[in-house]
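Participant: One structure, as structure tokens, below. Some questions next.
Nothing in this text is a laboratory measurement; each read-out follows from the coordinates by a stated rule. The structure displayed is predicted, hence computed values, not measured ones. Cβ sites come from the backbone with ideal geometry, for glycine too, and all protein chains shown count toward neighbours.
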Amino acid sequence: MFFYSFFVFIILQRLCELVIAKRNEAWMKRQGAYEAGQSHYKWMVSMHAAFFAALFTEVYVLNDGMYRFSFLLFSFFVLVQLARIWAISSLGKYWNTKIIVLPNAKVVLRGPYRFMKHPNYTVVAAELVLVPLMFQAYWTLAVFSVFNLCILAVRIPLEEQALTNETNYGEVMQNRGRFFPVKKS
């Protein structure tokens, strides 16, 4: 029963995020923003949808719904969710699942963005590891960790280039680590 409730929670969370992203996209476009790197977005959405299908299949079909609950992993998951909320709320109307760029905007340097370039991608990567581990879905963990790395290898350069071309991103983010709070010299 816990897995089913947990699974529904994550799906509802993603749907809420898509509603927020759509609302933010409309607001940004009214301000003069545009979407960059559109061609990869369908692959990213497909990867996330396939992740949920694979997770459900592995836990309920291959593992017969059996798993050992880990309070430690669940605690890490809760911390990751708090980091997600921090990242999304720090960007406010500028947060999106797409690469939406507002020319001449000042890059947001609040919350985790004071310390690193891509905290939301760190959260997603952690989640793609933690959730399968919580339910011993090791095939899902292995396959979608690799898929996520492939998607990010395409997405991040597109996003950083668009932001560097249109905002002060290159200047203010040059000494920050991509995924971890590390100052580069």
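Participant: Evaluate the Debye formula for the chain with equal point scatterers sitting on the alpha carbons, no solvent, and hand back log10 of I(q)/I(0) at q = 0.16 Å⁻¹, in q order, two decimals.
Facilitator: Log10 I(q)/I(0), no solvent term: -1.05.
Participant: Relative to the longest principal axis of the chain, what angle (0 to 90°, nearest 10) does the C-alpha long axis of helix 41-56 take?
Facilitator: 20 degrees
Participant: Counting trypsin sites (Lys or Arg not before Pro) as exposed when in a DSSP loop with at most 14 other beta carbons within 10 Å, what is the longest stretch of the chain free of them?
Facilitator: Free of exposed loop sites, the longest segment is 111-183.
Participant: With springs only between Cα atoms under 10 Å apart, run a GNM on the chain and tell me which of Phe76, Phe144, Phe135 wobbles the most.
Facilitator: So, out of Phe76, Phe144, Phe135, the one fluctuating most is Phe76.
Participant: Please state the relative contact order of the chain as a whole percent: Cα pairs under 8 Å, 6+ residues apart?
Facilitator: Relative contact order for the chain comes out at 30 percent.
Participant: 222 nm [θ] for the chain, helices only, -39500 (n - 2.57) per DSSP H run of 4+, per residue, to 500?
Facilitator: -21500 deg cm²/dmol
Participant: Just tell me which aspartates and glutamates come within less than 20 Å, Cα to Cα, of Lys93; anything on the same chain fewer than 8 places away is out.
Facilitator: Leaving aside aspartates and glutamates fewer than 8 places away in the same chain, those within reach of Lys93 are Glu17, Glu25, Glu35, Glu159, Glu160, Glu166.
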